[in-house]
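Engineer: I am attaching a structure below and will ask some questions about it afterwards.
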Amino acid sequence: MTAALVVNSGSSSFKYQLIELEGERTLASGLVERIGESSGAWKHTNALTGESSSNDAASVPDHAAGFQAMIDAFAKVGPSFDEHPPAVVGHRVVHGGTTFDAATVVTDEVEQQIEDLNSLAPLHNPANLEGIRAAKQVFSDVPHVAVFDTAFHQTMPPHAYTYAIPADLAERYRIRRYGMHGTSHKYVSEQTAAFLGRPLAELKTIVLHLGNGASAAAIDGGRSIETSMGLTPLEGLVMGTRSGDLDPAVLIHLHREAGMSFDDLDTMLNKRSGLLGLTGNGDMRDVQDAALGGDDEAEAALAVYRHRIRRYVGAYTAQLGGLDAVVFTAGVGENNALLRRRVLAGLEHLGIEVDADRNELHSKEARLISTDSSRVAVLVVPTNEELEIARQSAAVAL
């Protein structure tokens, strides 16, 4: 059976999955981390046998060495690359700008184009590209495909992605809304149509991807028409450590009055805000436990978090001109029944009614949590970005 190797590369680590293309089952998964440090580490799981192994390596000096550690893990724990040879390697790339609106086979020209977009995602694209180049050295005889987080949102109309700043500046510095989590939003919206047994082309759907990073998307007939993240992943919903929407004048005020530098402001908004900034803890589970224990600060933070989501649900219902489904996905969205119930409480006027018992059901499968009489279907659909990357990679390269 041929397979796709899916790689998500960071600056000092990378995650991977080997996915069988015909049956779409995960064969193995793993993580190589502490790349470039004095001692590296890897963890590998053979999904066919359930066997796992981990190792603190003496050193993983670069990503190429990391991929060799991965190959050693496959040889030690399995499954065998001889029985499940990777026919394609799919790579997550965060930012494709306006250059890429679909998965793309990696060539030297594509590598350069990804590098040219580094300024739009300086924390992500360079690391993604480093992983691509290292993987190409190790898997030199199979095609490599870049799958972009931003690609799915390239269908947004100009009035949705344009910021009201001087047009010449926006054009010169490529400033517009791009959106993120596109691979997840695409996968989940298609799974929603399949679950409901309805053509994707006729559905108006709001997908709420709620994890440590969070975004909402309005999807009309399978096409993204609006999304909450913007030029970067900072805009939109309240997140674990990111502020989401903010009056830009707040930054000017803090610069003038508090003497904060641009680097200080960048760190504050991306790493010290969101739930962490409001409560001192960026983990939704801990914040909710504190709120249930009577912590007023935690409850107030959750109210802000929920309010922001509800605002987007209302706005996107208007933008879509109607609504067929609201879908929760990602770590928080899939596992937090209390949050789902409170986010949608009181939205019966929009046709949204949540069934309390269905909502409390814990499952790893897609499921309906709305009442039988709800005009809008409310679902929980587990995301699978790795499978979506494997599908797109095979579609363009094989």
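Engineer: Where in the range 302-398 are the helices (runs of 4 or more DSSP H), entirely inside, with at least 1 residues that are among the β-branched types (Val, Ile, Thr) and over 18 Å from the mean Cα position of the chain (by Cα)? If you could, list the steps in order and put the result at the bottom.
Structural biologist: Numbers: elements: 330-335, 337-344, 356-360, 385-397.
Result: 337-344, 385-397.
Engineer: Now for a different question. Only residues that are more than 10 Å from SER9 (Cα to Cα) and either among the aromatic types (Phe, Trp, Tyr) or open to solvent by 50 Å² or more (accessible area, probe 1.4 Å) (or both): list them for the range 117-129, please.
Structural biologist: Of the range 117-129, the ones more than 10 Å from SER9 (Cα to Cα) are 117-123.
SER119, PRO122, LEU123 - these are the residues of the range 117-129 that are more than 10 Å from SER9 (Cα to Cα) and either among the aromatic types (Phe, Trp, Tyr) or open to solvent by 50 Å² or more (accessible area, probe 1.4 Å) (or both).
Engineer: Between a residue in the range 218-239 that is at positive phi and any residue that is hydroxyl-bearing (Ser, Thr, Tyr) and assigned to a loop (DSSP other than H, G, I, E, B), which pairs come within a Cβ distance under 8 Å, given they are 6 or more apart or on different chains?
Structural biologist: GLY236/SER228
Engineer: Additional query: Condition first: farther than 14 Å from ALA134 by Cβ and either surrounded by 17 or more Cβ atoms within 10 Å (Cβ to Cβ) or over 22 Å from the mean Cα position of the chain (by Cα) (or both). Now tell me which residues in the range 16-29 satisfy that. Can you show your working first?
Structural biologist: Filtering the range 16-29 down to residues farther than 14 Å from ALA134 by Cβ leaves 17-29.
Matches in the range 16-29: GLN17, LEU18, ILE19, GLU20, LEU21, GLU22, GLY23, THR26, LEU27, ALA28, SER29.
Engineer: Can you name the residue in the range 35-61 that is among the charged types (D, E, K, R) and modelled with pLDDT under 90 and, of all such residues, is farthest from PRO126 (Cα to Cα)?
Structural biologist: As a first pass, look at the range 35-61 and keep what is among the charged types (D, E, K, R): 37, 43, 51, 56.
Filter again for modelled with pLDDT under 90, leaving 37, 56.
Details: GLU37: 18, ASP56: 26 Å.
Checking each candidate, the answer is ASP56.
Engineer: How about the range 356-381: which of its residues are open to solvent by 30 Å² or more (accessible area, probe 1.4 Å) and touching a Gly at 6+ places or on another chain (Cβ under 9 Å)?
Structural biologist: ARG375 - this is the single residue of the range 356-381 that is open to solvent by 30 Å² or more (accessible area, probe 1.4 Å) and touching a Gly at 6+ places or on another chain (Cβ under 9 Å).
Engineer: Go over the candidates VAL32, VAL60 one by one and state the one that is crowded, with 18+ Cβ neighbours inside 10 Å and in a loop (DSSP other than H, G, I, E, B).
Structural biologist: Details: VAL32 fails: in a loop (DSSP other than H, G, I, E, B).
On inspection, the qualifying residue turns out to be VAL60.
Engineer: Of everything in the range 130-143, what is in contact with a strand residue (DSSP E or B) (Cβ under 8 Å, 6 or more places away or on another chain) and open to solvent by 10 Å² or more (accessible area, probe 1.4 Å)? Give them in sequence order.
Structural biologist: GLU130, LYS136, PHE139, VAL142, PRO143
Engineer: I've got another one for you. Kindly indicate the residue of the range 35-56 that is hydroxyl-bearing (Ser, Thr, Tyr) and assigned to a strand (DSSP E or B) and also surrounded by the most Cβ atoms within 10 Å (Cβ to Cβ) among those meeting that condition. Explain how you work it out, then say what you get.
Structural biologist: First, the residues of the range 35-56 that are hydroxyl-bearing (Ser, Thr, Tyr): 38-39, 45, 49, 52-54.
Next cut, assigned to a strand (DSSP E or B) only: 45, 52-54.
Working: THR45: 20, SER52: 15, SER53: 14, SER54: 13.
For the range 35-56, the residue satisfying everything is THR45.
Engineer: Anything in the range 72-85 that is in contact (Cβ under 8 Å) with a residue 12 or more places away in the chain and either open to solvent by 20 Å² or more (accessible area, probe 1.4 Å) or touching a Lys or Arg at 6+ places or on another chain (Cβ under 7 Å) (or both)? List them, or say none.
Structural biologist: To start, the set of residues in the range 72-85 that are in contact (Cβ under 8 Å) with a residue 12 or more places away in the chain comprises 73-74, 76-79, 83-85.
Listed by number, the residues that qualify are LYS76, GLU83, PRO85.
The values are calculated or read from the model by the stated rules, or taken from the named source; none is laboratory data. These figures come from a predicted structure and were not determined experimentally. With ideal geometry, Cβ positions are generated from the backbone for all residues, glycine too; neighbour counts draw on all protein chains shown. Accessible surface is based on the protein model in full, side chains and every heavy atom, while ligands, DNA and RNA are left aside. Shrake-Rupley method; radii C 1.70, N 1.55, O 1.52, S 1.80 Å.
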